[in-house]
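Working notes for the structure below.
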Amino acid sequence: MAVLDEKLHDIYDEVLKRNPGETEFHQAAYEILDSLGPVVAKHPEYADGAVLRRLCEPERQIIFRVPWVDDAGRVQINRGFRVEFNSALGPFKGGIRFHPSVYLGIVKFLGFEQIFKNSLTGMPIGGGKGGSDFDPKGRSDAEVMRFCQAFMTELYRHIGEYTDVPAGDIGVGGREIGYLFGQYKRITNRYESGVLTGKGLTWGGSQVRPEATGYGTVFFVNEILHSRGENFDGKKVVVSGSGNVAIYAIEKVQQLGGIVVACSDSGGYIVDDKGIDLALLKDIKETRRERVSQYATERGGAARFVESGTVWEVPCDIALPCATQNELNGNDAALLAKNGCRVVAEGANMPCTPAAVKTLTEAGVVFAPGKAANAGGVATSALEMQQNASRDSWTFEHTEERLADIMRSIHDRCLTTADAYDSPGNYVAGANIEGFTRVADAMLALGII
């Protein structure tokens, strides 16, 4: 890690002491603080407890027991979390993740990132995150329903359309959102559509929401290319993952003329030099819920499956890590740079390790951090909240156009802010500083609360 600005040392040390063992949160906090040296030099009012120390401490951390009964009649116990991090700009907003890896440190890292991501959208939403160590994989619909109902039975008292608005994340898709919303409606006796986003289209959801994170990441990369007089035509793209974000990133790359030659899951990766057959991939992953290895089997000699190694071994012009945190390390980054990769944009939350970011930057590879590049998901969630509040429903085309405009604005503001702080072309500095200053100004305006 680089050496922090002197004014920020004490704040980071305090983060470490107050949050022992929460390595992902430490990483996220360091990454933000590392960009803020020029900001506190110009605006010393940000450097003391009035802003930075409060910003690193969540407004509220909720941990609760989730008891539920499986199909065999056995009582299961999971742990639920909701970290309401910062509401200076609006109600807390951020997803719910169901995955065995979930613990307080991951939820806090995600919530902390969400503050700045949500700020960058320009929408009136604060930052929060939640989840559980429950694993929906291999569970029946009835088991998932019972778990979601038990989870919401505690969570409902902490959320609301003007308080905290959760959405989906890893392990929480349309099925889970439906069960969660149903239980919220049952307990509160209110049809409060704006309390959850990611809902089905027939009961308060928004067009483009399933596609938004993947589409938004690609729209951001498209702006990077346009700023350099280029476009996606003929560019080779590698995408990690094969879930929602990855699939819709692949779809938008193909629509813009790029060729996605590889994607992955936890079992390995597939390479299809002629371009991924998206219809087949969607059928395997979204309908049949099978492994990507099945894609190679059904494509015959046109594609191959690689069980070991990393998808970043595949030469490309553009890499989109869309799976999970810290999936792309320094060695992977060196390999990408060696093989001619020119742009890396994070579709997932913090998928690149600090070593990877350093390696990419030193090699001259353009790097777009997740808080900017994947903000399309939460931006479209905020658009869903708008539609819920006005009892309205927009077309796919109108909503996608709004999403593209938001991503274009984020891109341009990142570059403008980077220039203003003597870091031209540095999307990390631009995103961190732009996201931070909007929140910091609101916190100062609202007083010490």
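The values are calculated or read from the model by the stated rules, or taken from the named source; none is laboratory data. Because the structure is a prediction, the values reported are computed rather than measured. All Cβ positions, glycine included, derive from the backbone under ideal geometry; neighbour counts span all protein chains shown. For accessibility, only protein heavy atoms count, side chains too; no ligands or nucleic acids. Shrake-Rupley method; radii C 1.70, N 1.55, O 1.52, S 1.80 Å.
A few remarks follow.
- Accessible surface for Glu143 stands near 10 Å², nearest 10, in the context of the full protein assembly shown (1.4 Å probe).
- Percent accessible area from carbon and sulfur atoms, the range 211-372, protein chains only, probe 1.4 Å: 46 percent
- Sequentially through the range 253-263, phi angles give Karplus couplings (6.51, -1.76, 1.60; θ = phi - 60°) of 4, 5, 4, 8, x, x, 10, 8, 9, 7, 8 Hz, Gly and Pro residues having no value and appearing as x.
- Evaluated at q = 0.06, 0.12, 0.13, 0.14 Å⁻¹, the base-10 log of the normalised Debye intensity for the chain, with identical point scatterers placed on the Cα atoms, takes the values -0.24, -1.01, -1.20, -1.40.
- Nearest-10 value in Å² for the accessible area of Cys56, using the 1.4 Å probe: 10 Å²
- Area of Phe81 that stays accessible when all protein chains are in place (1.4 Å probe, Å², to 10): 10 Å²
- Expressed as a whole percent, the proportion of Cα-Cα pairs in the range 196-271 lying more than 18 Å apart is 46%.
- Cα point-scatterer Debye curve for the range 116-235, base-10 log of I(q)/I(0) at q = 0.10, 0.14 Å⁻¹: -0.40, -0.70
- The orientation-averaged shadow of the Cα convex hull for the range 60-188, equal to a quarter of the hull surface, comes to 7.3 nm².
- Pairs with C-alpha atoms separated by more than 29 Å, drawn from the list Lys252/Lys338; Lys137/Lys358; Lys236/Lys371; Lys108/Lys235, are Lys137/Lys358; Lys108/Lys235.
- Listed residues Arg139, Arg342 arranged by accessible area, highest first, probe 1.4 Å: Arg342, Arg139
- DSSP-assigned coil residues among GluC sites (Glu not before Pro) in the range 31-101, each with at most 15 further Cβ atoms within 10 Å: none
- Excluding ligands, DNA and RNA, the accessible surface per residue across the chain is 39 Å² with a 1.4 Å probe.
- Computed from backbone phi, the HN-Hα couplings of the range 277-290 come to 7, 5, 4, 5, 4, 4, 4, 5, 8, 8, 8, 8, 6, 9 Hz, rounded to whole numbers (Karplus: 6.51 cos²θ - 1.76 cosθ + 1.60, θ = phi - 60°; Gly and Pro given as x).
- Scattering curve values for the range 383-449, log₁₀ I(q)/I(0), Debye with Cα scatterers, q = 0.29 Å⁻¹: -1.07
- The Cα-based radius of gyration and maximum Cα-Cα distance (Dmax) for the range 234-364 are 13.6, 42 Å.
- Over the range 6-56, the Kirkwood radius and the radius of gyration, each from Cα atoms, give a ratio Rg/Rh of 0.96.
- Where only DSSP H runs of four or more residues are counted, the chain gives -14000 deg cm²/dmol as its mean residue ellipticity at 222 nm, each run worth -39500 (n - 2.57).
- Relative packing of peptides 225-236, 349-360 - highest average C-beta neighbours within 10 Å first: 349-360, 225-236
- Stretchable slack from His398 to Lys17, in nm (0.36 nm times residue separation minus alpha-carbon distance): 132.4 nm
- Sequence of Asp392, Asp277, Asp265 when ordered by accessible area, the most exposed leading, probe 1.4 angstrom: Asp392, Asp277, Asp265
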